[in-house]
1. List every residue whose amide H lies under 5 Å from the amide H of residue 165, counting only residues 5 or more places away in sequence or on a different chain, with H placed 1.01 Å from N in the peptide plane.
2. Residue by residue through region 106-115, which ³J(HN,Hα) values in whole Hz follow from phi under the Karplus form 6.51 cos²θ - 1.76 cosθ + 1.60 (θ = phi - 60°), with glycine and proline marked x?
3. Amide H of residue 228: which non-local residues (sequence gap of 5 or more, or other chain) have their own amide H closer than 5 Å, using H built in the peptide plane?
4. Hey, for a label at residue 174 modelled as a point 7 Å past Cα toward Cβ, could you say which residues of region 228-246 have their backbone N under 12 Å away?
5. Starting from the Cα-Cα distance between residue 181 and residue 230, subtract it from 0.36 nm times their residue separation and give me the gain in nm to one decimal.
6. Under the rule of at least 5 residues apart or a separate chain, name every residue whose amide H is placed under 5 Å from the amide H of residue 106.
7. Which order do peptides 231-237, 128-134, 76-82 fall in by mean Cβ count within 10 Å, highest first?
8. Calculate, in nm to one decimal, what residue 208 and residue 101 gain on full extension: separation in residues at 0.36 nm each, minus their alpha carbon distance.
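What follows is calculated from the coordinates using simple rules that are stated; it is not laboratory data. Since this is a predicted model, take the numbers as computed values, not measurements. Counting neighbours? That spans all protein chains shown, and the Cβs are built from the backbone with ideal geometry, glycine included.
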Amino acid sequence: MNEVFIKMEKLLPPIYGDTLLSKNHKYDSFPQIGLKKAQRNHDFFGPHISLKRNAVLDIGCGSGSGSIFYATKTNRVIGVDMNQKLIKDASRSAKLAGLADKAQFIVCDASSLPFSRNTFDLIISNNVMEHLSRPLDVLQECKRVAKNSGFICINFGPPWLSAFGGHIGKELPWTHVLFSERVVKKMLIKQGRCSLQSQDKPLYSNVNRMTVRKFKDILQKTDLRVRLFKLWSRRYVTPLLILPFVKEFFTAQVIAVLQKDTG
């Protein structure tokens with residue numbers, strides 16, 4: 001089985017590029033990478049949003065590259081994340097970029113935001129939704145702190161049933177679907193890509209197994225108005241995204257623009 005993994009990885013081209021935890025690319029390892037991804041993520045949302053707003057909230061900001069990008073285009077950005085070290089790194093990066101007065105960072109749980117109602121014009125969440133333990137609660141909190149007619153922009157992926165939905169790095173496509181967790185972990189240990197110390201930990205503990213269908217179901221429970229809902233993948237895979245169920249296996253990113261009704 002180990003030989004199958006290795007041979008297939010060499011023969012198969014990536015379905016839609018490296019995953020965020022690939023051993024050859026770590027998200028936000030370099031500020032420029034994070035800034036480019038923030039620009040791409042913003043472009044996904046298209047003309048539905050504008051960063052020329054007074055208050056922007058970045059959910060799951062990580063080391064802050066996205067928030068810093070937003071701060072170059074708006075008046076005020078607050079980034080939140082549960083990882084204290086990443087928040088410290090984000091604050092340091094904002095200071096080095098000369099944007100500490102426009103970009104602030106707070107350690108908090110996004111399912112219980114420390115902000116008043118109707119605070120933010122725009123809320124952005126990039127590559128976070130598939131990692132949340134309580135995604136509906138987070139969306140309800142976003143709705144609460146968003147201003148009336150404010151936008152909530154979400155971009156995440158790969159979803160669970162897609163080629164690399166297990167988020168365990170560069171691997172045989174659909175490894176997490178085709179093989180049991182025990183088999184996958186055993187092979188990763190043999191390949192030196194999973195430490196012996198972590199072999200007793202759940203392999204997919206960093207994802208909530210979010211699918212396109214599950215995300216749609218969650219959105220319906222929020223009563224937020226859906227302004228944009230789009231599935232994205234590499235060009236040669238795009239035609240498959242219109243097929244029911246099949247699209248679950250080939251979607252690289254899920255993009256949604258939501259709006260809070262006036263009331």
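1. Correct list: 174.
2. Rounded to whole hertz, the list is 10, 7, 6, 8, 5, 7, 8, 6, x, 10.
3. 257
4. 246
5. Length gained, residue 181 through residue 230: 14.6 nm.
6. Those lying under 5 Å, H to H, from residue 106 are 79, 80, 81.
7. Top of the packing list down: 76-82, 128-134, 231-237.
8. 35.0 nm
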